[in-house]
Amino acid sequence: MSAHKISAISRRAFLAAGARLGAALAAPSVLHAATRPSHRARRVLDGRALGLVPDARADQTLPLAHALRQAARENAWIRLPPGTLRIGALDVRVPVRLIGHKGSRLLLRKGAGRLLSARGVPVELEAVILDGNGEGGPDDALVEIVEASRLHLDGCRIEHFDGTALHLAGCRGRIADCLIRDMGNAALFAQDSHGLRITGNTVRNCANNGVLVWQSAKRPDGALIADNDIRQIGARLGGDGPNGNGINIYRAGNVTIRHNRIRACAFSAIRNNSGDDCRILDNDCRDIKEVAIFVEFAWRHALVRGNRVRTAGAGISATNMDHGGRGAMIENNTVEDVRPRIRSVDIHGYGIAAEADTVIRRNVVRKASHCGLSLGWGPYLDNVKAVRNRLEDCGHGIIVSVSEGAGRVVIVENEIVRPRRRAIAGFDHAEPVTGELLGAREVPSHVSLRGNRVRR
């Protein structure tokens with residue numbers, strides 16, 4: 001079955017954005033490091049004593065720059081005063097270590113473009129509010145951080161920006177327990193990162209994507225995306241898949257996505273495009289307009305286990321054998337109430353779809369309008385096994401490709417309850433071309449059926 005491509009325009013925009021970010025931050029910076037503080041430092045300086053004046057009409061960018069220099073010299077953090085500090089276009093080359101106090105807010109100055117850029121230094125923020133003030137555009141980022149070997153954002157609030165909240169490039173560290181909301185593009189775009197920990201965050205109302213973890217070429221990434229609550233993700237920029245996703249992985253290998261709650265996405269809850277060795281575990285996905293969990297294009301080896309999908313255009317897909325996509329284990333998932341919800345050239349309404357070197361085992365699919373399991377698409381079927389799945393109240397229980405060139409498929413000990421049409425049927429692409437295969441005297445030679453049962 002065809003999957004949605006990330007368009008060439010989308011890839012070019014990604015690479016161009018990275019080039020623009022690198023060029024911008026390579027320019028002479030407002031601040032330059034005098035010292036490299038120890039990561040264990042916890043001396044705290046009072047922001048007021050360093051010249052910061054909250055709730056003042058005067059721009060506080062220069063006072064904050066001076067305060068950061070002083071903190072760097074003293075190997076210390078800065079405790080921000082309560083209230084609002086108006087700043088903008090602050091470029092730093094010293095450590096940024098800020099602690100919020102009673103609602104400390106950094107508010108983007110009108111016309112400033114971005115709040116903060118940092119390159120090659122630690123960035124650590126705790127309980128700070130970063131407010132975009134409704135500024136920016138889809139290609140802008142409120143905060144840009146490049147090559148931070150220590151990035152810690154803990155308990156922060158990032159809001160009200162008409163672009164992306166956080167654009168990270170080549171960073172290590174964590175984004176934890178933050179609230180990111182009301183973004184005109186995405187909550188977090190991490191490119192070429194190294195083992196980021198993105199955990200316990202709340203993401204709300206982003207116009208194009210929630211969390212994106214991308215690599216500029218296929219390679220290991222190692223990100224952990226866990227225990228986040230992601231909701232209300234749109235697709236303002238359109239397209240057939242690069243936008244509208246709660247979590248979007250592109251070319252990034254060895255990523256773990258687990259225990260997330262994802263709701264109300266215009267396309268997918270979780271979309272992995274060309275990432276190898278991806279683990280998608282125990283996520284709860286609801287009100288998803290397209291394929292809820294999508295593993296597509298040039299991926300190798302994926303584990304999709306223990307997820308729950310409810311109310312979606314389709315459930316789980318591991319496809320694109322034609323691009324090298326193969327090697328999934330899809331087990332112990334529950335998929336309920338799937339039917340077409342948006343216009344698409346692809347067929348939706350299936351519970352689980354797979355094409356190559358994939359085992360589909362012990363899943364439950366209920367109320368899938370088209371079929372419970374879709375095995376292969378045209379000639380794209382090779383070594384798929386469907387074992388001990390329970391398929392209830394589906395259009396067809398299982399459809400299997402019988403097109404010329406389709407490879408081996410094994411269908412064993414599945415329970416098919418109240419199918420509205422056939423329990424097991426052969427398809428040539430989108431067209432049914434066989435009668436009922438369950439119990440038939442002859443079945444196509446590449447199809448092995450054993451121990452399946454139907455209850456009507």
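For the range 283-295, check the following and say yes or no: at least one residue is surrounded by fewer than 24 Cβ atoms within 10 Å (Cβ to Cβ) and of a type in the set (A, V, I, L, M, F, W, C).
Checked against the condition, which is being surrounded by fewer than 24 Cβ atoms within 10 Å (Cβ to Cβ) and of a type in the set (A, V, I, L, M, F, W, C), the range 283-295 yields no hits at all.
Quick one: how many residues across the range 152-175 are among the basic types (Lys, Arg) and either under 24 Å from Gly103 (Cβ atoms) or without any contact (Cβ under 8 Å) to a residue 24 or more places away in the chain (or both)? Show your work before the answer.
Let us first name the residues in the range 152-175 that are among the basic types (Lys, Arg), namely 157, 172, 174.
With either under 24 Å from Gly103 (Cβ atoms) or without any contact (Cβ under 8 Å) to a residue 24 or more places away in the chain (or both) added as a condition, the list becomes 157, 174.
So the answer is 2.
Does the range 108-125 contain any residue that is farther than 22 Å from Ala169 by Cα and of a type in the set (A, V, I, L, M, F, W, C)?
no
Listed residues Ile145, Ile175; which is buried (at least 24 other Cβ atoms within 10 Å of the Cβ), of a type in the set (Val, Ile, Thr), more than 20 Å from Ala264 (Cα to Cα) and touching a Cys at 6+ places or on another chain (Cβ under 8 Å)?
Numbers: Ile175 fails: touching a Cys at 6+ places or on another chain (Cβ under 8 Å).
Result: Ile145 is the single residue among Ile145, Ile175 that is buried (at least 24 other Cβ atoms within 10 Å of the Cβ), of a type in the set (Val, Ile, Thr), more than 20 Å from Ala264 (Cα to Cα) and touching a Cys at 6+ places or on another chain (Cβ under 8 Å).
Wholly within the range 409-452, which strands (runs of 3 or more DSSP E) include no fewer than the required count, namely at least 2 residues that are free of Cβ contacts under 8 Å to residues at least 24 places away in the same chain?
Working: elements: 409-412, 415-417, 424-428, 431-436, 447-450.
Passing ranges, in order: 431-436.
Show me the strands (runs of 3 or more DSSP E) found entirely inside the range 176-240 where at least 1 residues are touching a helix residue (DSSP H, G or I) at 6+ places or on another chain (Cβ under 7 Å) and touching a residue at least 12 places away in the same chain (Cβ under 8 Å).
On the way: elements: 179-183, 186-191, 197-199, 202-206, 209-220, 224-226, 229-233.
Because the criterion is at least 1 residues that are touching a helix residue (DSSP H, G or I) at 6+ places or on another chain (Cβ under 7 Å) and touching a residue at least 12 places away in the same chain (Cβ under 8 Å), the strands (runs of 3 or more DSSP E) in the range 176-240 that meet it are 186-191, 209-220.
If you scan the range 137-162, which residues turn out to be modelled with pLDDT under 95 and among the small types (Gly, Ala, Ser)?
Answer for the range 137-162, where residues must be modelled with pLDDT under 95 and among the small types (Gly, Ala, Ser): Gly137, Ser149.
Can you tell me which residue among Arg343, Arg366, Arg390, Arg361 is free of Cβ contacts under 8 Å to residues at least 12 places away in the same chain and not β-branched (Val, Ile, Thr)?
Values: Arg366 fails: free of Cβ contacts under 8 Å to residues at least 12 places away in the same chain; Arg390 fails: free of Cβ contacts under 8 Å to residues at least 12 places away in the same chain; Arg361 fails: free of Cβ contacts under 8 Å to residues at least 12 places away in the same chain.
After ruling out the rest, the residue left standing is Arg343.
Of the conditions (1) touching a strand residue (DSSP E or B) at 6+ places or on another chain (Cβ under 6 Å); (2) within 23 Å of Phe161 (Cβ to Cβ); (3) not in a strand (DSSP E or B); (4) not aromatic (Phe, Trp, Tyr), Gly111 fails just one. Which one is it?
It is condition (1) that Gly111 fails.
Each row is one residue, and each column tells you yes or no for (1) over 19 Å from Arg456 (Cα atoms); (2) of a type outside the set (Lys, Arg).
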residue: Arg339; (1), (2): yes, no
residue: Arg366; (1), (2): no, no
residue: Glu404; (1), (2): yes, yes
residue: Ile424; (1), (2): no, yes
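Where residues in the range 241-269 are polar (S, T, N, Q) and assigned to a strand (DSSP E or B), which of them is surrounded by the fewest Cβ atoms within 10 Å (Cβ to Cβ)? Step through it out loud before you land on a result.
Restricting attention to the range 241-269, the residues satisfying the condition of being polar (S, T, N, Q) are 243, 245, 248, 254, 256, 260, 268.
Next, from what is left, pick out any that are assigned to a strand (DSSP E or B): 245, 248, 256.
Values: Asn245: 30, Asn248: 28, Thr256: 15.
Selected residue: Thr256.
Could you please let me know if Ser344 is surrounded by fewer than 24 Cβ atoms within 10 Å (Cβ to Cβ), of a type in the set (Ser, Thr, Tyr) and more than 20 Å from the chain's Cα centre (by Cα)? Explain how you work it out, then say what you get.
On the way: surrounded by fewer than 24 Cβ atoms within 10 Å (Cβ to Cβ): yes; of a type in the set (Ser, Thr, Tyr): yes; more than 20 Å from the chain's Cα centre (by Cα): yes.
Here the answer is yes, as Ser344 does meet what is asked.
Please specify each residue of the range 248-260 satisfying the condition of being more than 12 Å from the chain's Cα centre (by Cα) and on the phi < 0 side of the Ramachandran plot.
Matches in the range 248-260: Gly253 only.
The values are calculated or read from the model by the stated rules, or taken from the named source; none is laboratory data. What you see is a predicted model; the values in this text were computed from it and never measured. All Cβ positions, even for glycine, are placed from backbone atoms using ideal geometry, and neighbour counts span all protein chains on display.
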